[in-house]
1. Run down 165, 189 and say which single residue is over 19 Å from the mean Cα position of the chain (by Cα), farther than 16 Å from residue 59 by Cβ, at pLDDT below 90 and open to solvent by 50 Å² or more (accessible area, probe 1.4 Å).
2. Can you name every residue in the range 70-127 that is among the charged types (D, E, K, R) and free of Cβ contacts under 8 Å to residues at least 12 places away in the same chain?
3. What is the residue count in the range 7-32 for residues that are assigned to a loop (DSSP other than H, G, I, E, B) and either open to solvent by 50 Å² or more (accessible area, probe 1.4 Å) or of a type in the set (D, E, K, R) (or both)?
4. Would you mind stating whether residue 79 is among the small types (Gly, Ala, Ser) and closer than 25 Å to residue 2 by Cα?
Amino acid sequence: MAVCDFDMIFRFVVVGWEGTAHDSRVLIETIRNPQHNFPMPPSEKYYLVDAAYTHTRGFMAPYRNVRYWLSDFRSGGKAVGKEEIFNQCHARLRNVIERAFGVVKAHFPILKRMAPYSFTTQTKIVMTCFSIHNFLRQISVADRLFSEYDNEVELESDNANQNQNLTTSSFFAASDQEFMQQFRNQIANELFQVFS
């Protein structure tokens, strides 16, 4: 699991989970484990997350059962209604994490198919790849992959994430979830006024 900024620099990475682990479970366990020192967003700030996560204080998810993926908007026409407009804006902003992962995987093919090293060595390899990625990005080295991925690319549709039964909602307080729902609705209304 990773957090990145809009410059495609990874600000937090946790490794050591199997690829089959549900995103929300990884997040909850990472938050609970003080050794990870997860950077919770300050109040009134939030991470943009996909539909695999609970929409709650600090974590803004898209509307469910409403068009979300950028490819849906490219092939299905203009966003209609406040929820679709919000989801389209959300997807465009959250797309930076997809692009950042695309650059890391393109630079370091070992991440696509890890060699049979020990678990400890594998986690060190992954962290090293992210560190080198950040170093290259921060020194502004002219890099074909960064240039290629700086342009918006399409999010891969992952309907499985949207349809999974989430277990994170019980971890976050109902008041936090209600606050974020009202906040998301307020943003959606404002976007609707701008784009309609």
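The values are calculated or read from the model by the stated rules, or taken from the named source; none is laboratory data. Note that the structure is predicted; figures quoted are calculated from it, not measured. Virtual Cβ from ideal backbone geometry, glycine too; neighbours counted across all protein chains shown. With ligands, DNA and RNA removed, areas are computed over all heavy atoms of the protein, side chains included. Shrake-Rupley method; radii C 1.70, N 1.55, O 1.52, S 1.80 Å.
1. Details: 165 fails: over 19 Å from the mean Cα position of the chain (by Cα).
Step by step, each of 165, 189 is checked, and only 189 is over 19 Å from the mean Cα position of the chain (by Cα), farther than 16 Å from residue 59 by Cβ, at pLDDT below 90 and open to solvent by 50 Å² or more (accessible area, probe 1.4 Å).
2. Keep residues of the range 70-127 that are among the charged types (D, E, K, R), which gives 72, 74, 78, 82-84, 92, 94, 98-99, 105, 112-113, 124.
78, 105, 112, 113, 124 - these are the residues of the range 70-127 that are among the charged types (D, E, K, R) and free of Cβ contacts under 8 Å to residues at least 12 places away in the same chain.
3. Within the range 7-32, the first condition is being assigned to a loop (DSSP other than H, G, I, E, B), and the residues that meet it are 7-9, 14-22.
Cutting the leftovers down to either open to solvent by 50 Å² or more (accessible area, probe 1.4 Å) or of a type in the set (D, E, K, R) (or both) gives us 7, 17-20.
Counting residues in the range 7-32 that are assigned to a loop (DSSP other than H, G, I, E, B) and either open to solvent by 50 Å² or more (accessible area, probe 1.4 Å) or of a type in the set (D, E, K, R) (or both) gives 5.
4. Numbers: among the small types (Gly, Ala, Ser): yes; closer than 25 Å to residue 2 by Cα: no.
Taking the combined requirement at face value, the residue does not satisfy it.
Let's see how each residue does on (1) modelled with pLDDT of 90 or more; (2) over 23 Å from residue 123 (Cβ atoms); (3) among the small types (Gly, Ala, Ser):
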residue: 30; (1), (2), (3): yes, no, no
residue: 36; (1), (2), (3): yes, no, no
residue: 55; (1), (2), (3): no, yes, no
residue: 70; (1), (2), (3): no, yes, no
residue: 78; (1), (2), (3): no, yes, no
residue: 81; (1), (2), (3): no, yes, yes
